[in-house]
1. Can you figure out the FRET efficiency of V116 with Y65, using R₀ = 30 Å and their beta-carbon distance, to the nearest 0.05?
2. Determine the shape class of segment 140-214: with a ≥ b ≥ c the square roots of the Cα gyration tensor eigenvalues, call it rounded for a/c under 1.5, and otherwise prolate if a/b is greater than b/c, oblate otherwise.
3. How much length, in nm to one decimal, is gained on full extension between V123 and L25, taken as 0.36 nm per residue of separation minus their Cα-Cα distance?
4. Sum up the charges of everything whose Cβ sits under 12 Å from the Cβ of K124, counting Lys and Arg as +1 and Asp and Glu as -1, but leave K124 out.
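Read-outs throughout are calculated quantities, based only on the coordinates presented, and are distinct from any laboratory measurement. Predicted, not measured: the structure shown is a model, and the values here were computed from it. FYI the Cβ positions are ideal-geometry reconstructions off the backbone, even for glycines, and counts take in every protein chain you see.
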Amino acid sequence: MTPTPPDPRLVAQADLLNPSFGTRLRRYFLTGLVIAAPLAITASVTWWFVNFVDGLVKPLIPAAYWPDTHLPYPIPGFGLIIGLLGLTLLGFMTANLVGRTLIDAGEAILNRMPVVRGLYKGVKQVFETIFSQGGTSFRKVGMVQFPQPGMWSIVFIAQEAAPEIAGRLPDGDDMVGVFLPCAPNPTTGFFFYVQRRELVEVAITVEEGAKLVMSAGLIQPGAMGAKTAAMASTPPAAA
């Protein structure tokens, strides 16, 4: 009598319930990779940024004041600390009359330079808008139908149309500026005005929206809590 071959579904279920030693090793390796890779990339980027700032700031300080001069090994981050202190001191000076006068005098000189004037004003306005504590730019995430009706795309909500622009648009009082980022690089995209009634606000943060765009929809908002632990306890075949 020819023996009956085992049911493939039962074999697969048995492999899921009792994974082999090789399956466990693979699972643990992937879990370790998920944990170690982001840490390594974050540490590398942080180390590069610290060295980059040190290279910019340290040449401005006499070598006699460098810790590296008095110690047998270099101290990374010295330039970064000096840079942070310098920016804080600059902000403190701007808050009083003397510092404000010096800043105004410097801006008056820049305003007399044809090319530098436009560049300085544009960059300053961008930074003031981004780092303004009371601003509303890019504080919310929404969805619009793009590139055609029935297809929804993630957008970052900016501000309402300025009076100069709203006056030239139909229903200008109801127009809102939005930025539609491109995947997987959210720093590029399209900026346009859309009617508020065609904009659907989403109750997620801008950071979650950026992650959603960068991962092309793989990283869903609020779904990152126990993924690593679940991966460590679930066989790859089940995942």
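1. E(calc), rounded to 0.05, equals 0.40.
2. The shape class here is prolate.
3. Numbers: separation 98, 0.36 × 98 = 35.28 nm, distance 5.19 nm.
Computed gain between V123 and L25 is 30.1 nm.
4. 0
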